[in-house]
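Here's the structure, in structure tokens; my notes come after.
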Amino acid sequence: MRSEVLAVQVESAAQAAGLAVISSEAGDKYSGGTDSSDNYSGGGTAKFLLALAGDAEARKTMLLELSERFEFGRPDLRDGVRVYLADAAKRLRNPRPECYLTLHGLPLSFERFGWPFHESSSGADTSLVHGEVRLEDGSESVLHAKIAASMTVTFRDIVEAPEQPFAEGFVYNAVRKTMDQGQLELVKSGNRQPVPLTTRFYSPKHKTFSFNDTSEEQRNGFLAAKVYWLSAVLGGNEPVWLLDPRDAQYLNTTVEELKRAVGALAAEGMLRVAEDAEYGVATQKLMERRDVYLAQLAWMLEFIRPSFNEKMRQGLTNM
């Protein structure tokens, strides 16, 4: 009965955001993330496959997974889900909705994340969510990283709920930030790599998440590279959403600042704004920077590759 009520609530919220529920199913049992009222302690999940309401063939979809005990009736949680779904509807108009760019030029896809956060089975006082990121450079790359994002008790108190609509954005941004710092390795196979979610990603003074302090030049460069990779290389030059609040959070800026950056890039002839001004495509001038982006990609792949591992493989260590 609980999951049936949740299904009706999700369908209504999805419809209001311009989305349609394509299918739904019961998810896995989990040990549960917890909030102060213990509303997420144990139980199962419900999975909902969503697509744009006008996409009859459901060519692009997203998976929403909520705990069966999710309190949709709480106004703060209900409003949070509505904002999340409204943004998801805009993201689903991207040619590759699952793809994001890091500040230092790595195009990645995010997939196989299992929500909500669940308690660590090792006995540690942390909550975890598992997922996977893959390099998306337009080739048949097999490089990927299995992720174990861990949320401390202190950090958990900041989050409204340990559920996908409230945590997905900062988890993805923490993964991007950790990758930028060279603390995640893209491999052909391997174990899960940790992404600690701590208060270093949060500003108590401003009560906002904090990832990268960026200049106007860096924001312009990020958006230009995003259009190059996500539209021109991966998306058949279809328009990509340039005013994503998730990117604004990642760059420690605002959507208004991103809008100004889009205007500056359009004036330079680096991108062409689509009919919907929130989206853009690459121009020939931007495509002429191909060698720059490929060099940046190669540098980053070398940067995140632990050099000590190579030395150990070659017997150049006395450890």
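The values are calculated or read from the model by the stated rules, or taken from the named source; none is laboratory data. Since we're looking at a predicted model, the values are computed, not measured. Cβ sites come from the backbone with ideal geometry, for glycine too, and all protein chains shown count toward neighbours.
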Flagged in the stretch 45-58 as modelled with pLDDT of 90 or more and farther than 17 Å from S12 by Cα, in numbering order, are T45
Candidate set: the stretch 141-158, residues that are at pLDDT below 90 and of a type outside the set (V, I, T); chosen: the one nearest to E111 (Cα to Cα): S141
All-but-one check, D87 against (1) more than 18 Å from the chain's Cα centre (by Cα); (2) surrounded by 15 or more Cβ atoms within 10 Å (Cβ to Cβ); (3) charged (D, E, K, R), failing number (1)
Conditions first: (1) within 21 Å of Y100 (Cβ to Cβ); (2) over 21 Å from the mean Cα position of the chain (by Cα). Y250 passes all but one, so which condition is the exception? (2)
If you check every pair at least six apart or on different chains, which have Cβ atoms under 9 Å apart with a residue in the stretch 271-287 that is under 13 Å from K259 (Cα atoms) first and a residue that is of a type in the set (G, A, S) and surrounded by fewer than 18 Cβ atoms within 10 Å (Cβ to Cβ) second? V273/G263; V273/A266; G280/A266; G280/A274
Residue selected from the stretch 149-170 under the condition part of a helix (DSSP H, G or I) and among the aliphatic types (A, V, I, L, M), by the criterion nearest to P97 (Cα to Cα): A167
Report, by residue number, each residue of the stretch 296-317 that is small (G, A, S) and modelled with pLDDT under 75. S307, G315
L128 is checked against (1) closer than 30 Å to A298 by Cβ; (2) outside any loop (DSSP other than H, G, I, E, B) and fails just one. What number does that condition carry? (1)
So F113, is it crowded, with 17+ Cβ neighbours inside 10 Å, more than 20 Å from Y228 (Cβ to Cβ) and assigned by TED's automatic domain parsing to the domain that holds A174: yes
Identify all residues within the stretch 90-110 that are of a type in the set (A, V, I, L, M, F, W, C) and either assigned by TED's automatic domain parsing to the domain that holds L243 or in a strand (DSSP E or B) (or both); write none if there are none. C99, L101, L108, F110
Assuming Y250 fulfils every condition listed in (1) farther than 22 Å from G131 by Cα; (2) not assigned by TED's automatic domain parsing to the domain that holds F117 apart from one, which condition is it? (1)
Just to be sure, is N191 surrounded by 13 or more Cβ atoms within 10 Å (Cβ to Cβ) and either touching a Lys or Arg at 6+ places or on another chain (Cβ under 8 Å) or not assigned by TED's automatic domain parsing to the domain that holds G80 (or both)? no
Taking the stretch 116-143, which residues are of a type in the set (V, I, T) and either touching a strand residue (DSSP E or B) at 6+ places or on another chain (Cβ under 6 Å) or buried (at least 21 other Cβ atoms within 10 Å of the Cβ) (or both)? T126, V129, V133
Quick test for you: out of K205, K177, K226, K146, pick the one residue that is surrounded by fewer than 20 Cβ atoms within 10 Å (Cβ to Cβ), within 18 Å of the chain's Cα centre (by Cα) and either free of Cβ contacts under 8 Å to residues at least 60 places away in the same chain or in a helix (DSSP H, G or I) (or both). K146
Residue by residue through the stretch 163-174, note down the ones that are more than 14 Å from F110 (Cα to Cα) and surrounded by fewer than 22 Cβ atoms within 10 Å (Cβ to Cβ). F166
Of the candidates V187, V233, the one satisfying the condition of being closer than 18 Å to P107 by Cβ, touching a residue at least 60 places away in the same chain (Cβ under 8 Å) and of a type in the set (A, V, I, L, M) is V233
